[in-house]
Amino acid sequence: MTERTVDPPPRPARAPLPGPADPAASPIRYPLGPLELPVGPPRTPLHRAERCEGTGACARACPTDAISVDRSLGPTVVELDYGKCLFCGLCIDACPSGAMASVRFEEMAVRDRADLRLRHGPPSPPLAGSRLADEVRERVRRLYGDSLAIRAVDAGSCNGCEVEVAALLWPRYDLERLGIQLVASPRHADALIVTGPVTRNMRLALEKTYRAVPGPSFVVAVGACGISGGPFRDSPEVEGGVDRVLPVEVYVPGCPPSPVSLLYGLWLALGKVDQRLARGEIPADALRSPPR
Amino acid sequence: MTPPAEEGEEPPLEPAPAVALAGDFPSRPTPAEERRSLGALGLDPVWDPSEDLWRVDVPPEGWVAAAVGASDALQHPLSTLFGEAPREAPGTIRVHALFLGIRPSGGVHLRCALDPPRPTLPTLSTTLPYVAPFERELTEMFGVDVSGLADRRPLLLHEHHPNPPLRPGPASAPDGRRVEYSFRPVEGEGIYEVPVGPVHAGVIEPGHFRFQVVGEKILNLEARLGYTHKGTERLFEGKPSDLGSIWAESVSGDMSLAGAAAYAYAVERALDVAVPPGDEVVRGLLLETERIAFLLGDVAGIALDVGYAAGAARANRLREAAYQTLRAATGSRLGRGTIGVGGLRRPIRGNLDPDLATTYARWREAIGRLRDEWLGKSSVVDRLEGTGEISRWVAELMHFVGPVARASGLRIDLRHDRPYGAYVGTEVRVPRGLTGDVRARLVVKVEEIVESCRLAEEFLRRLPADRSPLEPRRPPSPGERRSGLGWVESPRGEFLVHVTIGPDARLERVHVRDPSFLNWPAIEFAVRGAILPDFPLCNKSLNLSYSGYDR
Ligand code: SF4
Ligand code: SF4
């Protein structure tokens, strides 16, 4: 190709990249290396049963009914569903007894929806098990462990989750270094990553996209919307979560989940890491950064 | 290529202006003059301080004359049109049309009460063509019969929709009727159709595009949206007025802060809530940071679509840094849950890095260097010049807003024209293109990033030294029915929120007008006559919000 000069400014000296001067933008090694959480006030709500007085102020403040406080059975039962949580912090501001704190914790993805539900109170009967049988899970790991092609589907999100899914391709997160590719067609994909509450207008398209994926495939539900409908869960125009329509293998909470949360969720789907959240309890080592 | 702008001088963006534009900011009538010209139309306006508009009630017969007259008298087009089922008059429908003047204050708010049994309203779309989508929405949501409206297809509700969901009165059961959607036919020898979507190839929102093509040339494009319709406006209803920002920031999630701010201003105006000046400055800082991150995404997207991966990677590094700055300040990378009614939800001044100003200065330089470097690459510029042109005439006729309008030569920006919060008394330089093509949009967006960095630096200087945390404040209860209008220049342009708050301090009706509701037709104009492979580039340069349109 011949060079044709359209705008001939004096060619500037090669601009230095916003490299070391901008540590915020430099590549991370996670999940292959340690997790370094970026600075900023913590946003994950944490319920501390020992301080709870059962006022129910948090439940009344919550915009998505993620918290319920029940005293009708005698002892207070507090349930917090991270699958509905928007990480807005209103419950923390509302709690008069300081029982709601916030922590920095991003490795929140789970395989079993029930593991997003925290329950503080007398023991309750065990909840239903996870969705994919272990043998299928093993097959997923064998087939896709080192090379996974995923197709992102927006099932009616607000575009907040799209920002973070797209960020996985930015130099800092660079999804492809992990052997994971975002592909353009479901026919090239091994798995789907679905955002949004599944609007009635997108339901058919989502189902068709799923059917176009060659099996065995799995689905990752992203964000409060993808898990439970999020802020839109009361609307008659939405189905209220991906698992109302498709079987979901991994749930990634957040509104939107950070790129690090998404990396963890994909790594969990591939069976490369252990799930950290169990029955909604944040592991003790994550609480070492003092709650604020 | 023009040299970089000197400090304090309007940045010239385009080489050799094709048209010389006289009078960048046309003189607009003052509110007093507006009142007189409205009076000359036989209208009797009442000043509404919570909206900064003249409010006029008109009967359906006088609707067209009043609306067209107001639009002419104010020299400003209709900003939004929406229906309401007023609580104080059950069973009726009231239609609102807002005309925001391009001045710090003034404009008109027309209201029209419709007859309950057969609500009919004459169309405005024959005189003001861009009003048609508003009227289609009014028809499908409220069952208003807009007489004379040529396009009666549903806008947001798809085939399975029941009866108009917002029509007052007893809810009628879905009648199971399917309204088939037909695209505008374009026929002739050699013309074929290319359907695209709703699921697209990239990580973007869903929508359907129907192209009619000859060879590679696009004769016509029709976008069909509504796929992300979530009934958001209905979700506000019945919520306490300080909680509504949760939904306002989920209208267009990539502009969460702008949505939350527009909502907050609407409620604050309705309820007369004073915001501490320090909080306003922080709001301004956050809004500019959001704009920087957002526009860097557009820059990266354009780079990617012309195959300039190095430019995209560098823009995305800066973008990541901007999101991390927001996270460091607020705890959320998109700044969610931060802007509340009455100020900030939680104190964040203590989180700000004392060196933040140098960060913005560094970004300003980095983006300037990036611009110079890639506008020096002929293979890049070649793809941008003349692609996706939107003439100034079309931009004005269709009332486009934001960077799209500015790239076509219109100098409109609410931060300058109708300043709010921290922008009152702040000089905002509004860049403007001339050619209306992808290159003009790119250059305008780059200049806006530079200007946003400068504004952020200025806001940091104005931050009160006092870093004591502020008490979160709750808005007072209204005690009577109040309404208010909030406006914010979001990264995509004019973002409007209109609220009605009942005597119990709960929201009765919230209307959100995302800038993309006005701008979506731009894509249809931009690709007409272009080749099919240029569509992604045009699309990226316009960056329209699907969720903001559909809500
Ligand atoms: S942080 Fe989560 S649980 Fe708490 S109020 Fe917000 S949405 Fe509800
Ligand atoms: S989870 Fe939050 S960010 Fe994601 S789509 Fe839903 S509202 Fe938007």
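Taken over region A:80-102, residues that are assigned to a loop (DSSP other than H, G, I, E, B), more than 14 Å from chain B (Cβ to nearest Cβ) and under 22 Å from A:V220 (Cα atoms) amount to 2.
Each row is one residue, and each column tells you yes or no for (1) at pLDDT 90 or above; (2) assigned to a helix (DSSP H, G or I); (3) not polar (S, T, N, Q).
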{"site": "A:I193", "(1), (2), (3)": "yes, no, yes"}
{"site": "A:R203", "(1), (2), (3)": "yes, yes, yes"}
{"site": "A:T209", "(1), (2), (3)": "yes, yes, no"}
{"site": "A:V220", "(1), (2), (3)": "yes, no, yes"}
{"site": "A:C225", "(1), (2), (3)": "yes, yes, yes"}
{"site": "A:D243", "(1), (2), (3)": "yes, yes, yes"}
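Here region A:63-85 is the region considered, the condition is being open to solvent by 20 Å² or more (accessible area, probe 1.4 Å) and within 16 Å of ligand 2 (Cβ to nearest atom), and the residue that is nearest to A:L118 (Cα to Cα) is A:K84. Contact map, region A:56-69: residues that are away from every other protein chain (no Cβ under 12 Å) and in contact (Cβ under 8 Å) with a residue 40 or more places away in the chain paired with residues that are open to solvent by less than 20 Å² (accessible area, probe 1.4 Å) and away from ligand 2 (no atom under 15 Å from the Cβ), Cβ distance under 9 Å, separation 6+ or inter-chain. Pairs shown: A:C58/A:P45; A:C58/A:H47; A:C58/A:I67; A:C58/A:V78; A:C58/A:L80; A:C58/A:C91; A:C58/A:A99; A:C58/A:M100. No other residue among B:L155, B:L166, B:L235 is within 14 Å of another protein chain (Cβ to nearest Cβ), modelled with pLDDT under 85, farther than 17 Å from A:N159 by Cα and under 24 Å from the mean Cα position of the chain (by Cα) apart from B:L166. Residue check: A:A109 meets all listed conditions (1) in contact with a Phe, Trp or Tyr (Cβ under 9 Å, 6 or more places away or on another chain); (2) small (G, A, S); (3) away from ligand 2 (no atom under 16 Å from the Cβ) but one, namely (3). Kindly indicate whether any position in region B:250-258 is touching a Lys or Arg at 6+ places or on another chain (Cβ under 8 Å), within 10 Å of chain A (Cβ to nearest Cβ) and of a type in the set (V, I, T). Within region B:250-258, one or more residues are touching a Lys or Arg at 6+ places or on another chain (Cβ under 8 Å), within 10 Å of chain A (Cβ to nearest Cβ) and of a type in the set (V, I, T). A residue that is outside any helix (DSSP H, G or I) and either modelled with pLDDT of 90 or more or more than 24 Å from A:P257 (Cβ to Cβ) (or both) occurs nowhere in region B:286-302.
In the set A:L35, A:L73, only one residue is in contact with a helix residue (DSSP H, G or I) (Cβ under 8 Å, 6 or more places away or on another chain), modelled with pLDDT under 85 and away from ligand 1 (no atom under 13 Å from the Cβ); that residue is A:L35. For region A:237-260, which residues satisfy the criterion of being out of contact with any helix residue (DSSP H, G or I) (no Cβ under 8 Å at 6 or more places or on another chain) and within 14 Å of chain B (Cβ to nearest Cβ)? Residue satisfying the conditions is A:V260 alone.
Residues that are within 16 Å of ligand 1 (Cβ to nearest atom) and not in a helix (DSSP H, G or I) were ranked within region A:227-236; the one that is nearest to the other protein chains (Cβ to nearest Cβ) is A:D234.
Among residues of region A:30-45 that are within 11 Å of another protein chain (Cβ to nearest Cβ) and more than 13 Å from A:Y173 (Cβ to Cβ), those with a beta-carbon under 6 Å from a residue that is within 16 Å of ligand 2 (Cβ to nearest atom) and open to solvent by less than 20 Å² (accessible area, probe 1.4 Å) at least six positions away or on a different chain give the pairs A:G40/B:R327; A:G40/B:G331; A:P41/B:G331; A:R43/B:G331. Can you work out which of the residues in region A:138-166 that are acidic (D, E) and either facing chain B (nearest Cβ under 7 Å) or touching a Lys or Arg at 6+ places or on another chain (Cβ under 9 Å) (or both) is surrounded by the most Cβ atoms within 10 Å (Cβ to Cβ)? Checked region A:138-166; the qualifying residue surrounded by the most Cβ atoms within 10 Å (Cβ to Cβ) is A:D154. Residues of region B:238-248 that are out of contact with any Phe, Trp or Tyr (no Cβ under 8 Å at 6 or more places or on another chain), open to solvent by less than 10 Å² (accessible area, probe 1.4 Å) and at the interface with another protein chain (Cβ under 8 Å from one of its Cβ atoms): B:I246 alone.
State which residue is farthest from the chain's Cα centre (by Cα) when the search covers only region B:308-365 and only residues that are among the basic types (K, R) and closer than 13 Å to B:R283 by Cα. Residue satisfying both the conditions and the ranking: B:R349. Annotation: B:G529 fulfils all but one of (1) in contact with a Lys or Arg (Cβ under 8 Å, 6 or more places away or on another chain); (2) within 14 Å of another protein chain (Cβ to nearest Cβ); the unmet one is (2). The residues on offer are A:L178, A:L169, A:L192, and the sole one that is surrounded by fewer than 23 Cβ atoms within 10 Å (Cβ to Cβ), more than 9 Å from ligand 2 (Cβ to nearest atom) and either acidic (D, E) or within 11 Å of chain B (Cβ to nearest Cβ) (or both) is A:L169. Whether a residue is within 12 Å of ligand 1 (Cβ to nearest atom), farther than 24 Å from A:W267 by Cβ and out of contact with any Asp or Glu (no Cβ under 9 Å at 6 or more places or on another chain) was assessed, and A:C91 passes this test.
Examine region B:468-479 for a residue that is at pLDDT 70 or above, surrounded by fewer than 23 Cβ atoms within 10 Å (Cβ to Cβ), outside the structural domain of B:T80 (by TED's automatic domain parsing) and closer than 30 Å to B:D48 by Cα, and state whether such a residue exists. Yes: one or more hits. Please go through region B:327-349 and give me each residue that is of a type outside the set (K, R), in a helix (DSSP H, G or I) and surrounded by fewer than 24 Cβ atoms within 10 Å (Cβ to Cβ), ordered by number. B:A328, the sole residue that qualifies. Give the residue that is nearest to B:G244 (Cα to Cα), with candidates limited to residues of region B:275-304 that are touching a strand residue (DSSP E or B) at 6+ places or on another chain (Cβ under 9 Å) and either free of Cβ contacts under 8 Å to residues at least 40 places away in the same chain or among the charged types (D, E, K, R) (or both). That would be B:R283.
Outside the structural domain of B:R482 (by TED's automatic domain parsing), crowded, with 21+ Cβ neighbours inside 10 Å and at pLDDT below 85: is that true of B:E51 in this structure? Here the answer is yes, as B:E51 does meet what is asked.
Cβ-Cβ distance below 9 Å, separation of 6 or more or different chains: which pairs start in region B:306-322 with a residue that is at positive phi and end on one that is surrounded by fewer than 24 Cβ atoms within 10 Å (Cβ to Cβ) and part of a helix (DSSP H, G or I)? Final answer for the pair search is B:G307/B:S379; B:G307/B:V380; B:G307/B:R383.
Just one of the numbered conditions (1) open to solvent by less than 10 Å² (accessible area, probe 1.4 Å); (2) β-branched (V, I, T); (3) within 13 Å of another protein chain (Cβ to nearest Cβ) is not true of B:T358: (1). Elements of the type helices (runs of 4 or more DSSP H) sitting completely within region B:367-430 and holding at least 3 residues that are open to solvent by 20 Å² or more (accessible area, probe 1.4 Å): these cover B:378-384, B:392-397.
Screening B:A274 on (1) in contact with a Gly (Cβ under 7 Å, 6 or more places away or on another chain); (2) open to solvent by 10 Å² or more (accessible area, probe 1.4 Å) shows it passes everything except condition (1).
The values are calculated or read from the model by the stated rules, or taken from the named source; none is laboratory data. Just so you know, these numbers come straight off a predicted model, no measurement behind them. Cβ sites come from the backbone with ideal geometry, for glycine too, and all protein chains shown count toward neighbours. Surface accessibility is based on the protein's heavy atoms, side chains included, excluding ligands, DNA and RNA. Shrake-Rupley method; radii C 1.70, N 1.55, O 1.52, S 1.80 Å.
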